Structures are given as C-alpha cells and as structure tokens.
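Everything below concerns the one structure shown next.
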Amino acid sequence: MPELSLLEPISTETIHLDAEARFPRARLSVVGGPDAGAHVLLEGQTVVVGSGDDCDLKLTDTSVSRRHMELSGGPGGWRLRDLRSTNGVFLAGLQVIEARLSEKVRIRLGRSELRFEPERTQVHWPLSPRERFGEAWGKSAAIRRVFALLEQAGPATGGIVLEGEPGVGKETLARGVHAQCARKDAPFVVVDVEALVHGTLEADLFGQELTVSGARLLPRPGAFEEAHGGILFLDEVALLPLPLQSRVMRVLETKEVRPLNAPHAAPRPADVRVVASTRFDLEAEVKAGRFREDLFYHLAVFRIRVPPLRERPEDIPGLARQFAQRVRGADVLSEDALEMLQRHDWSGNVQELRTVVERLCAFPDLGAAAVSRALGVEPRAPEGSRAFDKLEERLLALPYHEAKERVLESFERTYFLEHLRVAGGVVTRAAKAAGLPRQSVHRMLRRLGLSAGEE
C-alpha cells in the first residue's frame, strides 16, 4: 500500500550537511477516462492537473475541476494536494485532501483514473550550506534549494523570475539577489504591477512629461529610469497588459526609455536587470497567449519556484521566533504555541505567519487559547457563557479602560500592518484603503511605534 498522510502536516526533509538532496523521478499517467495515454514526467516541479488551459496535465473529463489537484516533489517525497475540487481526489478508495506518495498508486479524479509511479532514476537538488539568503531564512531542504539556485543566479546578469504563492517572500529574495550582484550599489526599484494595472502603470514604468497651460514642466522619471544601473523588481509581472509588454521588451533591448507625452525628447538611459515575480505559471501564460514569448525568454533566464510555507513546516518555529524577536525584542512564544503554528496550513504563507505572530505578541502570556483565536480555528464561547478561556479571564481581571486599550492597540497594530503589507509599505495607498487621511495614519503609526519603512 502507498504511504498516505491524510491529516498531519507533511514535512520536507531537513538536510544540514549534504551538498545535495536526492529523490526519485516519477511519472503521472492517465490510464482511464477520455484522456487515457496522456502523461507528464515529474522531476521536482509542481504539476497541476485539471480541465483548465493553464494546467500542466489537462484533462477533457467534464467531471474534473478546472484546477483539480497538484503534485509537488522534494526530498521528503511527492506531495499531493486537492485544490478544492468539486468531486474530490481518491487514493485506494479513500478521499484525501493531502497525501504523501512514495510508491505506485492509482488516483481517481471524477471519471478519470491516473497512475503515479516513481522511477529508478533520481532527481538531484543542490542545497545551499547556509540557512539565510539576504533577509530570507530557512533550514528546510525546500528553501535551501532556492537559496542554492539564487546563489548561482545572483552574480549572473540574466533576468530572474520567482514563481510562488502570495506571501512566500519573493520580494525579500529579490532584495537578496540585489545585495549580492554587481549592481548592489545601484538602486533597487519596486513596481507592483497588480496595484497599478488599472491606474498609472505606464507612467510609473516609463516616466511622463507634464505640461500645464502649455508650459513644459520637468519630466517625472519612471521606474526604468530610476533603476538605471540597478535592479527593477516587477511584482506580479504576469498581470502586465500586452501593449505594455511590447514597450517593456523594447526598453530591455535598447536600454533606453522615452517618457510619455515626449515624442521628440531624447531617450534616457535605462540599463536595468529585471527580477520579476508572479503567482502564475508564466510559461502557461505564454501558451495561453496572455504573455509575450520573447519577453518571457528575456525575463526567465533563471526561473525559480519559491515553495509555500506548508511545504516547509519545519521552518515555521524558527520564523515565528524571529518575528517575535523583532516585535517584542524577545522570544515570547511557548512550545505549545509553536506546535499549533506548525500545524496550520498558512494560505497566506510567511506574511500571514508574521501577522499572526504580531497578534500573539500583544498578549504573550495567554497560552494556546490566544493562538487558536489568532488563527481563527476556535469558535468563541456563546454570549453569557462562563466558560472563558485564559485570554478572556486575563482581560476581565483588568480595569475596563485598560482591557479596552490592550485590545484596541492589538487590533490597530495588526490592522495597519496588514494594510501596509498590501500597499507595499506606501502609507498613502494604505490610508486610502483604510478610508483615513494620510496624516491620521502617519500619527497612528508613530503612536504604535511602527513605520512604513520597517514594514
């Protein structure tokens, strides 16, 4: 029988001394249903199976969801995950949400049957001997593989595409690349494509020359010009509109940029190295016609997948302690709290973990009940019930105004940290999302001991 892990978190193997990790290649084949004969070779990459055009193994079975399941490989084995499909994923007659596969097994999706089969040949992953890359940290083989790839890609000159879910730390890794490459003394400029795609993206990228009543003003430089000689980080690059992709490609080829509304102005130098990030499979976007093939090849000289936090749970305690140290100046998390954090799924990844630790640090001595509340995994006691947990008991022991202040400060800190995260640290954008004047948000941040720069 295959080794199945249905409920407990799935760990990747932690390797501290070896220079590489090894695990078997595998083949996923369709053996029953309308797509019998289709297959994909698994070499450590994440493979999505479903009926959607962007899937790595596309099925025409109408009972299969658009994105039905995914398989990802690593030193700890192959990990299967149901992507909230309509009809579920079944192994050996059992419906599973997550499973670790180490032997041949049949998988049923709707009316289709697939066969997972490890092969004798092995995948070799180089692992970094270090547990830190710039400000990014991790001891798992999954993240140390990323560090090893970036240690090779960083000193090179080609573009880098970091693929992964939101919150996994792609910008932090990009800053690590900047710190170790030849352009480290030049600017590192961030453009959030998703935040600007419906607004001023074109002007923010290429600059703009403004006139008022016919009088020419000094031009506003764009990100390409500001990043000249350095690195331009394009966050969520897959959302770049096709017309702008052509202009980006031209700037990268000519190393010059011409601002908007300035057809007769001399072009300005824009020699940049692009590090891009995306939560999408950029190659699939090319196949679907939503992303230019030439731009893809220019950007993806190095294409690196950043694993989600649930694929490296052994990193969670160390990350949580580091976040607590930054917030409180000390490690205030109990072993019980760390164990509960390690069992959580973390759909928001490292960013979500940081937010939860921030909540916990507001009440460091309240035990596991505070962790449950912070994670949203425990319902509140009915109104009027005397079955208060430790959090409620401690608050009730305080005078009303003091208890209210503690709760309010915790809420405000978490609220503004999250808005700043979404806004990329831009206070004006965070204030607009919160429906508050920018000056008011600045005052609140100072009162809470926070700043956009720190976030």
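Tabulated results
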read-out: Qualifying residue in region 135-146 (condition: under 25 Å from D281 (Cβ atoms) and part of a strand (DSSP E or B)); value: yes
read-out: When residues of region 201-241 are limited to those that are at positive phi and open to solvent by 70 Å² or more (accessible area, probe 1.4 Å), the one modelled with the highest pLDDT; value: G214
read-out: Answer residue from region 85-127, given it is closer than 17 Å to F23 by Cα and hydroxyl-bearing (S, T, Y) and is surrounded by the fewest Cβ atoms within 10 Å (Cβ to Cβ) among those; value: T121
read-out: Residues satisfying the stated conditions in region 424-455, i.e. among the small types (G, A, S), modelled with pLDDT under 75 and either assigned to a helix (DSSP H, G or I) or open to solvent by less than 70 Å² (accessible area, probe 1.4 Å) (or both); value: G424, G425, S440, G449, S451, A452
read-out: Breaking point among (1) at pLDDT 95 or above; (2) surrounded by fewer than 17 Cβ atoms within 10 Å (Cβ to Cβ); (3) of a type outside the set (A, V, I, L, M), for E171; value: (2)
read-out: Pick from region 48-73, criterion touching a Ser or Thr at 6+ places or on another chain (Cβ under 6 Å) and polar (S, T, N, Q), ranking: most open to solvent (accessible area, probe 1.4 Å); value: S65
read-out: Matching residues in region 257-270 - criterion: being surrounded by fewer than 16 Cβ atoms within 10 Å (Cβ to Cβ) and closer than 27 Å to Q180 by Cα; value: P269
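Residue-wise test of (1) in contact with a strand residue (DSSP E or B) (Cβ under 8 Å, 6 or more places away or on another chain); (2) over 30 Å from L234 (Cα atoms); (3) of a type in the set (G, A, S).
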residue	(1), (2), (3)
G74	yes, no, yes
L83	yes, no, no
V105	yes, yes, no
P118	yes, yes, no
H124	yes, yes, no
A141	yes, no, yes
L150	yes, no, no
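The values are calculated or read from the model by the stated rules, or taken from the named source; none is laboratory data. No experiment lies behind these values; they were computed from the predicted model shown. Using ideal geometry, Cβ is built from the backbone for each residue, glycine included, and neighbour counts are taken over all protein chains shown. Surface accessibility is based on the protein's heavy atoms, side chains included, excluding ligands, DNA and RNA. Shrake-Rupley method; radii C 1.70, N 1.55, O 1.52, S 1.80 Å.
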